[in-house]
Amino acid sequence: MIMQSRMDRQQKILELVSQHNIGTQTDLEKALKKKGYSVTQATLSRDIRELGLIKIATSGGQYRYASRQTIDDSTTTAHTSHATLASVKRFVKRIDWSGNTIVLNTDSGAAPPVAEAIDRLELPEILGTVAGDNTIFIVVHKDTTAKKVCKELLSLIG
């Protein structure tokens, strides 16, 4: 086994979750072991928490670990605002509206970067967004309908 520092091990974890679909701590432990890192479940849990790893849905409906940096990078590229919103579509689970409010549900931890992407659109119909961990509230102007903005967001998300 490799003598490892916490920083080396955590860097390897980030590398593994960015390159592979790792959905459980057991999968992560096995991947680390293949790379020569021995880790206890308690240490692995602490590393996941310290690294801020979150679970996101894959296109096949499974879940995998991802770093918040991966999600944040999706919203800080030099693309246009529409491309930025399309880049975060994989994190959006549901979008609905009522009155002048739109409610958008995302993967856990993904609401802030998705809200940022929506804010970057600078749509005049939107008064503002409020993001929690996995829910975004979008308030639209009284002169427009939330249904119209909801449809526009759905078409931009793809």
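Remarks
- Residues whose placed amide H lies under 5 Å from that of Lys93, excluding near-sequence neighbours: Asn105, Thr106, Asp107
- Placing unit charges on each Cβ (+1 for Lys and Arg, -1 for Asp and Glu) gives segment 6-66 a dipole about its Cα centre, and among Val39, Tyr63, Gly23 the Cα reaching farthest toward its positive end belongs to Val39.
- Compactness of segment 6-66 is given as radius of gyration and Dmax, 10.8, 33 Å, from Cα positions.
Read-outs: derived from the displayed coordinates by stated rules, not from any lab. Being a predicted model, the structure only gives us computed values, none of them experimental. Positions of Cβ are backbone-derived with ideal geometry, glycine not excepted, and every protein chain shown enters the neighbour counts.
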